[in-house]
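The values are calculated or read from the model by the stated rules, or taken from the named source; none is laboratory data. Note that the coordinates shown come from a computational prediction; the quantities given were computed from them, not determined experimentally. Neighbour counts run over all protein chains shown; Cβ positions are idealised from the backbone, glycine included. Quick note on the areas: whole protein, heavy atoms, side chains included, nothing else; ligands and nucleic acids left out. Shrake-Rupley method; radii C 1.70, N 1.55, O 1.52, S 1.80 Å.
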Amino acid sequence: MSNTILTRALVLLIALSMATTAFAGVLPDAGEVFVLTVLVLSGLKSFVILSDYLGLRQAPTFRGGFTAFLVGFLGLAALLYALPFAM
Amino acid sequence: MTDQTSVLDELPGDLMIWVLIVSELLVFGAGLLAFLGMRAMDPAGFAADQAALNRVAGAANTIVLVTSGYCAARAVNAFDHSLRAMRLWLAAAMGFGIVFLVVKWYEYAEKARHGIGIETSDFFTFYYLLTGFHALHVVAGLIIFALLMRWGTHRNLEAGAAFWHMVDLVWVLLFPIIYLVH
Amino acid sequence: MREVMTKTMARNVFYGGSLFFIVVFLILSAHSVRYVVTKSTANAELTESVARGKHVWEKNACINCHTLMGEGAYFAPELQNVMSRWGVADDPEAAFEVLKGWMEAQPTGIEGRRQMPQFNLSDEQIRELADFFLWVNQIDAQGWPPNEAG
Amino acid sequence: MKYQTQKIAYWYFLAAMAVFAVQVLGGLWAGWIYVSPNFLSELMPFNIVRMLHTNALIVWLLLGFFGAAYFLVPEEAEREMHSPMLAYIQLGILLLGTAGAVVTYTFDLFHGNWLLGMEGREFIEQPVWVKVGIVVAALIFLYNVSLTVLKGRKTAITNVLLLGLWGLALLFLFAFYNPANLSLDKMFWWYIVHLWVEGTWELVMASILAFLLLKLTGVDREIIEKWLYIIVATALFSGILGTGHHYYWIGLPSYWQWIGSIFSTLEVIPFFAMMSFSFVMVWKGKRDHPNKAALLWALGAATVAFFGAGVWGFLHTLHGVNYYTHGTQITAAHGHLAFFGAYVSVNLAIITYAMPILRGRDPYNQVLNMASFWLMTGGMSFMTFVLTFAGTVQTHMQRVLGENFMEIQEGVHLFFIMRWVSGLAVVIGAILFIYAQLVPRREIIEPTDQYESEGA
């Protein structure tokens with residue numbers, strides 16, 4: 001990846017991390033909304049790492065596969081989180 | 001694999017390192033889902049234990065690690081024009097990696113002072129297993145980088161950096177689930 | 001064309017990764033040894049008699065019919081909790097008596113029943129074996145076996 | 001035979017097949033005691049028969065591995081073995097030790113003697129002097145083979161094979177460590193047993209399989225060796241921590257339940273990879289090798305190993321399941337299919353491939369051998385199903401309902417009869433195999449198209 005893309009990725013990652021921290025500060029104990037937001041933020045961070053740090057931007061098939069894995073994983077995580085509410 | 005053109009050709013870096021990345025993601029993914037599954041049976045107990053974690057340290061470590069990943073990626077890019085620049089970037093990546101471990105050490109020591117260990121509760125079993133296994137990957141990454149300082153080729157550097165990004169990626173998924181979800 | 005995978009890289013990842021897992025395994029092993037010594041088997045003292053009882057257990061190849069903590073030959077009953085099953089877990093003297101009675105009644109010779117050999121153990125050996133079973137019964141095995149049937 | 005010293009393998013394979021015969025006959029006997037418990041019970045109690053059955057298995061598999069090494073190392077290293085003399089001395093020591101162990105077990109000689117008497121820990125019951133002999137034999141072997149490889153061409157196949165053999169020899173040293181604390185005893189006992197069959201032996205198996213596919217399909221060495229590294233990497237990455245699945249209920253910390261469950265689930269991957277590898281290579285291969293039976297055994301090994309070790313292992317490896325199934329006939333079902341699929345079949349594959357070459361005859365289609373493959377595989381699969389049913393019933397009655405062990409065993413008696421019948425098929429298959437290796441000098445039965453397609 002070119003240096004420009006890398007720097008942009010770094011800025012993005014730090015911004016997303018800050019957002020997570022800020023969000024945790026604002027809503028320390030709010031259940032579902034908080035957790036879903038945090039999971040989505042971590043999914044976005046993972047996407048940036050995969051695309052730019054690991055260079056999958058140039059391998060769209062694989063990026064698609066990994067994204068599907070991420071979505072599935074975070075979806076399952078959210079489901080498992082919500083499980084006690086359903087019981 | 002070599003005598004055919006395939007979709008594998010577009011994959012950056014060596015295929016073997018991707019085999020490794022996928023296996024690691026499977027391991028950590030299964031571990032994190034098992035953690036959430038256990039949590040579902042005892043949300044209150046898990047929340048109480050989670051309150052003992054140091055969120056600030058965890059959040060800081062996220063930033064430390066993504067910055068380190070940046071340095072590692074820059075080291076790969078620098079290799080083609082300057083060996084010196086490559087080594088500097090790599091040293092920076094290692095420096096951040098060490099910071100990560102120091103913070104981790106501090107967290108563990110804090111727990112130990114309160115008498116918390118790996119057999120204290122289900123929550124802490126998972127906490128130590130997952131963060132400990134991850135921290136050992138950071139140590140492994142540092143050793144790989146030390147070797148690359150001396151024996152770096154473009155392909156080796158690419159592989160080492162990819163390993164490091166995987167460690168990064170795992171942390172980004174691990175941190176919110178263990179430290180924040182409650 | 002760029003090579004998708006080189007043999008050198010495959011080899012290095014194999015060696016490096018294996019070494020990594022060996023190290024992790026050894027760290028966990030070290031912790032486990034400490035856990036066994038200080039926690040899970042610390043409920044009862046490991047006396048000379050228990051140690052000798054373990055050898056009685058071994059020299060007669062008991063494990064090749066019975067299971068002990070679920071490992072062995074599945075031909076005869078589980079023996080980790082045998083003293084609980086007999087209701088003598090807290091009484092070494094009774095444990096000895098019951099075991100002695102059992103050992104001396106073998107083989108039963110009943111047609112169609114699995115036969116346990118006659119091992120001709122001395123009273124001392126039977127006492128050691130009983131002590132061994134009593135000690136094994138004390139191991140904290142994460143709640144296994146699920147019930148008295150073993 | 002390109003190299004004279006490959007002939008060493010012939011004697012190892014002969015010895016291996018002889019002990020193989022002892023093993024299956026011992027199994028038949030032990031199975032019969034399940035059916036008819038009073039059968040010679042005073043003369044040969046079950047525990048002795050069972051020791052012979054399991055020990056013979058281990059010995060002949062190791063003899064086969066050594067033979068395989070003597071056969072393929074000269075060809076891979078492109079030079080004669082360093083010392084054929086040492087190889088024969090090693091064989092002599094191993095056979096002496098085997099005979100010593102058999103006699104000691106059968107007549108319970110030197111009962112209780114620390115050096116000469118039987119030791120009585122499962123699978124490592126050998127008297128101390130035999131254990132020392134095994135170590136000496138292993139050292140001779142490693143010296144001989146390592147020196148040959150170091151002086152000759154180094155390939156991925158010999159690298160992996162040597163790593164596996166060195167590893168298994170070093171791990172065997174734990175056989176000399178027997179702590180009085182049963183939990184520690186078991187913990188380190190698994191260093192041998194698990195790290196053999198789900199670690200180092202897998203390396204040996206993968207390298208033998210790679211060698212066979214290289215010869216039988218004619219696919220490029222580059223491709224085969226890359227696959228080999230991927231397979232052995234996934235094998236060790238999952239297998240080492242997979243040891244955790246034996247650490248659930250023996251007094252070790254609870255974290256092993258999670259480590260064991262996760263990593264041993266991933267242990268399916270190397271077996272799946274081995275199976276895919278074999279079929280992909282055969283499909284890509286351009287060569288139509290005349291030794292169809294060897295190909296059948298190689299493909300069979302990879303496939304049955306996937307089911308026996310992979311699928312049947314996974315069945316009861318999660319700790320929530322294992323809590324109930326641990327130490328029931330489910331384990332016996334898994335054990336039989338896994339050992340047969342992975343290690344018996346791969347040994348029979350290399351023997352099938354090497355024997356015609358070693359005896360200097362044509363590798364004709366070997367219809368008898370292929371028939372023995374189907375007999376043994378069929379028998380073993382049926383045995384596995386039967387034991388799985390028996391184990392399921394046992395698990396429910398004993399572990400859930402808490403009923404008495406012996407009564408349940410009598411309740412599943414019918415399954416033990418069926419197990420014995422399927423065992424009989426395996427024994428007939430084994431004898432047919434040995435006959436097919438040693439006796440016919442030309443094609444006995446002309447191959448039909450059906451066998452052709454099954455072999456391909």
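Just a few scattered comments:
- Å² of accessible area per residue within region D:355-439, as computed with a 1.4 Å probe and no ligands counted: 40
- One Cα centroid belongs to region A:49-86, the other to region D:259-318; the line between them spans 30 Å.
- In this simple spin-label model, placing a label point 7 Å from the Cα along the Cα-to-Cβ direction at both A:V26 and D:L424 gives a separation of 7.8 nm.
- Accessible area buried, both sides summed, chains B and A with 1.4 Å probe, Å²: 3600
- Taking the chain by itself as reference, region B:147-171 contains these residues with an accessible-area loss of 40 Å² or more in the full protein complex (1.4 Å probe, heavy atoms): B:R155, B:H165, B:L169.
- Rounded to 0.05, the FRET efficiency of the B:S6 and B:D80 pair, given R0 = 22 Å and the Cβ-Cβ distance, is 0.25.
- Total formal charge among the other residues, if their Cβ is under 13 angstrom from that of D:G313, Lys/Arg +1 and Asp/Glu -1: -3
- Region D:125-144 and region B:137-182 have Cα centres separated by 43 Å.
- Carbon/sulfur fraction of accessible area - chain B, other protein chains in place, 1.4 Å, %: 69
- For region C:1-43 versus region D:166-230, the spacing of their alpha-carbon centroids is 15 Å.
- Aspartates and glutamates with Cα under 15 Å of C:K39, excluding same-chain neighbours fewer than 8 positions away: B:E119, C:D140
- On region D:339-456, 68 percent of the accessible area sits on carbon and sulfur atoms, based on a 1.4 Å probe.
- Taking N as the residue count of region B:1-74, its C-alpha radius of gyration divided by 2.2 N^0.38 Å amounts to 1.67.
- Karplus-based coupling profile of region B:46-58, in residue order and whole Hz: 5, 4, 5, 5, 4, 4, 7, 7, 9, 5, 4, 4, x, with θ = phi - 60° in 6.51 cos²θ - 1.76 cosθ + 1.60 and x standing for Gly or Pro.
- Here the Karplus curve 6.51 cos²θ - 1.76 cosθ + 1.60, taken at θ = phi - 60°, turns the phi angles of region B:20-35 into couplings of 5, 4, 5, 4, 5, 4, 4, 4, 5, x, 4, x, 5, 5, 4, 4 Hz, with x standing for Gly and Pro.
- Summed over all non-identical Cα pairs, the Kirkwood treatment of region D:116-156 gives a radius of 12.1 Å.
- Farthest toward positive dipole pole in region B:1-158 [+1 Lys/Arg, -1 Asp/Glu at C-beta], among B:G29, B:V64, B:A48: B:V64
- Interface C-D: total buried accessible area of about 6600 Å², 1.4 Å probe, protein heavy atoms only.
- Of the GluC sites (Glu not before Pro) found in region D:1-77, those that fall in a DSSP loop while having at most 14 other beta-carbon atoms within 10 Å are D:E42.
- Restricting the calculation to Cα atoms, every distinct pair contributes to the Kirkwood radius of region C:1-52, found to be 14.8 Å.
- Computed over region D:358-430, relative contact order equals 52 percent, with contacts defined as Cα pairs under 8 Å that lie 6+ residues apart.
- Value at 222 nm in deg cm²/dmol, rounded to 500, when DSSP H runs of n ≥ 4 in chain D each add -39,500 (n - 2.57): -24000 deg cm²/dmol
- Contact order for chain C, expressed relative to its length and based on alpha carbon pairs under 8 Å spaced 6+ residues apart, stands at 30 percent.
- Solvent exposure ordering (accessible area, 1.4 Å, most first) of D:K186, D:K154, C:K100: D:K154, C:K100, D:K186
- Solvent-accessible surface (1.4 Å probe) assigned to C:D90 amounts to roughly 140 Å².
- Percent of Cα-Cα distances greater than 15 Å, calculated over region C:44-103: 59
- Loop-located trypsin sites (Lys or Arg not before Pro) in region D:291-376 whose Cβ has at most 16 other Cβ within 10 Å (DSSP): D:R359, D:R361
- Cα gyration tensor category, rounded, prolate or oblate, for chain D with a/c compared to 1.5: rounded
- Near the amide H of C:T67, within less than 5 Å, lie the amide hydrogens of C:A73, C:Y74, C:A76, C:E78, C:L79, all on another chain or at least 5 residues away, with H placed in the peptide plane.
- Comparing the full protein assembly with the isolated chain, the residues of region D:33-69 losing at least 40 square angstrom of accessible surface (1.4 Å probe) are D:Y34, D:P37, D:N38, D:F46, D:N47, D:R50.
- Loop-located GluC sites (Glu not before Pro) in region B:105-146 (DSSP state other than H, G, I, E, B) with a sparse environment of at most 11 neighbouring Cβ atoms within 10 Å are absent.
- Rounded to the nearest 10 degrees, the inclination of helix D:84-107 to the longest alpha-carbon principal axis of chain D is 20 degrees.
- In region B:46-126, the inverse of the mean reciprocal separation of distinct Cα atoms equals 14.5 Å; this is its Kirkwood hydrodynamic radius.
- Cα gyration tensor of the protein assembly as shown - equivalent ellipsoid semi-axes, whole Å, descending: 47, 38, 24
- Karplus-based coupling profile of region D:168-184, in residue order and whole Hz: 5, 5, 5, 5, 4, 4, 5, 5, 8, 9, 10, x, 5, 6, 4, 5, 5, with θ = phi - 60° in 6.51 cos²θ - 1.76 cosθ + 1.60 and x standing for Gly or Pro.
- By the Stokes-Einstein formula, at 0.890 mPa s and 25 °C, region B:30-182 with its Kirkwood radius over alpha-carbon pairs has D equal to 150 µm²/s.
- At 0.692 mPa s and 37 °C, Stokes diffusion of region D:283-328 via Kirkwood alpha-carbon radius, µm² per second: 251
- Between helix A:60-86 and chain A there is an angle of about 10 degrees, using the helix long axis and the longest principal axis of the Cα atoms.
- Taking chain D as the region of interest, the number of lysine pairs whose Cα atoms are within less than 28 Å, with members eight or more places apart or on different chains, is 27.
- For region D:97-214: accessible area per residue (Å², 1.4 Å): 32
- Solvent exposure of C:K39, expressed as accessible area, is near 120 Å², computed with a probe of 1.4 Å over the protein chains only.
- Relative contact order, whole percent, for region D:181-276 stands at 29, derived from Cα pairs under 8 Å and 6 or more residues apart.
- For chain B, accessible area per residue (1.4 Å probe, heavy atoms of protein chains only), Å²: 36
- D:V132 paired with D:K151, simple spin-label distance in nm, labels 7 Å along Cα-to-beta-carbon: 3.1
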